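Read through the structure below, which is laid out as C-alpha cells, and then see the notes.
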C-alpha cells in the first residue's frame, strides 16, 4: 500500500494525481491540502477520506470544517496546517504541487520526518536547493521529480548513475509565441498567452511557458536535482513536445525519454518508482509523426530565460528575487494590471535593485521574497 499526502490537491497536478490514485487500488490518500477552492476540496475529502485536510485560507478552513463535520477528518488551515498535512504520520510520500515559495517549509518538514518527496513545486529547489538537497541526503529521502522534463532526465539516468554526464538537454516547447518577434508580442493578452500548443497546465505555469521563465526555473531546478554545473545544462526547443528531455554521456551517447504530453506519466512514475505500471491513455504513433524538429531559444525576444541564467549563476538570494518577482508580475498580468513584457521588466528591475546574500537560510529567503514584493508594489 502506497500512502500519499497531496499538497495542492485542487490544482492541475493535484487533480491529475488523484486520477492516478483512482486507477491504482493500492494507493491511499492520507492528507489533502489546497488553497481556497472549498467546493472541490470538499468533494475530494468525501471521495478519498483523508485523515487530514488543509485549506490554506483560514476562512476556507472554517468553511470546510463545517461542511465535513460528519466525517472523521481533521481540518486545519494556514501554514501550520499545510505542514501538518505534509507530516501526516501514515504518509510514505508527499506530493508537493502547491504554487510558489509556500512549498518550502512543508517540504522541509516532510523531509525531516523521512518522507519521500514527489516534487512538482519547482520554487522549492529554485530558492532553497542549497538547503533542501543536503537535508534530503541527511535524512535518506528520495526527491522524485514530477515535472515532465525532470522526470525525463531522471528516467534517462536510471541504470546510468555511475556514468559521467556530459550534458543535460532540457527541452522546451517554445510556448504559444514561439517564433514571434518582440514587435509582434507587444499587445498580447492573457487569452493569447494561455493558449499553449501542447500541454494543459495551470494558468501560472502556462504564462511562465509563454515567457520562457518556466524553462529558466527548470534549469535552476535541474542543477540541484542532478548535481551538475549550469554549463552542463542546455535548453533546446522541441516544438512537438515528444522528446521530454535528453542526457548526453561522456562517450557522446544521448539517451532521450519520449512520450505524449500527458502529466499523468511522470506523476505515476514518481509514485511507483523504481517500478513502472500500466497507464491508460494515448500512445505515441511514430508512423503519424511528420518529424521531430529542434531550435535554439530566442533570448532577444524572450528575455526571461537569460534573466534566469543570470540569477542562477549569481546564486545566493538572487534566484529567490527572480522567482518572487515573476510570481508577483504574473499574478498582475493575469489580473490585466500589467502588460506581457511588464513581467520580465519587473524581474529585471527587482534583480538590479537587490543586495544579494550568499547561502541564505529560510528566514532570509522569505525576507528576500517580501522585499522583492514590496519593491515591486512601490515601483510598478
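Brief remarks follow.
- When each of 252, 281 is tested for being under 25 Å from residue 13 (Cα atoms) and either surrounded by fewer than 18 Cβ atoms within 10 Å (Cβ to Cβ) or assigned by TED's automatic domain parsing to the domain that holds residue 100 (or both), the lone residue that passes is 281.
- Candidates in region 93-103 are the residues that are over 22 Å from residue 274 (Cβ atoms) and surrounded by fewer than 24 Cβ atoms within 10 Å (Cβ to Cβ); of these, the one that is farthest from the chain's Cα centre (by Cα) is 102.
- Of all residues in region 351-365, those being under 25 Å from residue 332 (Cβ atoms) and either within 22 Å of the chain's Cα centre (by Cα) or assigned to a loop (DSSP other than H, G, I, E, B) (or both) number 5.
- Figure legend. Inter-residue proximity from region 318-340: first residues in the same structural domain as residue 122 (by TED's automatic domain parsing) and under 15 Å from residue 210 (Cβ atoms), second residues outside any helix (DSSP H, G or I) and at pLDDT 95 or above, beta-carbon distance below 8 Å, spacing 6+ or different chains. No pairs are indicated.
- Test result for residue 61, under 22 Å from the mean Cα position of the chain (by Cα), modelled with pLDDT of 95 or more and crowded, with 20+ Cβ neighbours inside 10 Å: no
- Residue check, residue 167 over 19 Å from the mean Cα position of the chain (by Cα), within 14 Å of residue 222 (Cβ to Cβ) and surrounded by fewer than 22 Cβ atoms within 10 Å (Cβ to Cβ): yes
- Filter result (in contact with a helix residue (DSSP H, G or I) (Cβ under 7 Å, 6 or more places away or on another chain) and not in a loop (DSSP other than H, G, I, E, B)) within region 367-380: 368, 369, 372, 373, 375, 376, 379
- Some residue of region 118-133 being more than 18 Å from the chain's Cα centre (by Cα) and outside the structural domain of residue 272 (by TED's automatic domain parsing): no
- Filtered residue count, region 78-105, keeping only those that are out of contact with any helix residue (DSSP H, G or I) (no Cβ under 8 Å at 6 or more places or on another chain) and either closer than 19 Å to residue 203 by Cβ or free of Cβ contacts under 8 Å to residues at least 60 places away in the same chain (or both): 3
The values are calculated or read from the model by the stated rules, or taken from the named source; none is laboratory data. Keep in mind the model is a prediction, meaning the values are calculated, not measured. Note: ideal-geometry Cβ built from the backbone for every residue, glycine included; neighbour counts use all protein chains shown.
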